[in-house]
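The numbers here are math on the coordinates, done by the rules we state, and not lab data. Keep in mind that what you see is a predicted model, and the values were worked out from it rather than measured.
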Amino acid sequence: MMDIERKKKDPTLVCTCNDLYVEDIQEAIDDGEQDYDEIMQYHYTQPRCGDCECHVRYLVTGDNSRCDIKELVCGENKS
Ligand code: FES
């Protein structure tokens with residue numbers, strides 16, 4: 001499960017299961033990755049709980065319409 005408390009403390013932390021930060025995700029995107037699974041595997045990690053998918057998608061597309069805006073966790077626009 002995602003550690004939401006940790007993520008709240010550090011807005012640059014994207015994936016708490018794998019300790020991936022915005023710059024790690026950005027590196028994968030800059031290298032042409034678009035797909036969540038591919039981006040997760042870019043640093044030889046794997047999606048686990050999947051709760052960071054919305055944040056990753058937001059970094060890829062700029063679309064946060066399916067995220068909890070404040071916490072960037074998957075959900076139906078909770079905020
Ligand atoms: S936070 Fe669990 S897979 Fe990313």
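Our helix-only sum for the chain, with -39,500 (n - 2.57) per DSSP H run of n ≥ 4 divided by its residues, gives a mean residue ellipticity at 222 nm of -10500 deg cm²/dmol. Sorted largest first, the spans of the alpha carbon positions of the chain along the three principal axes are 32, 23, 18 Å.
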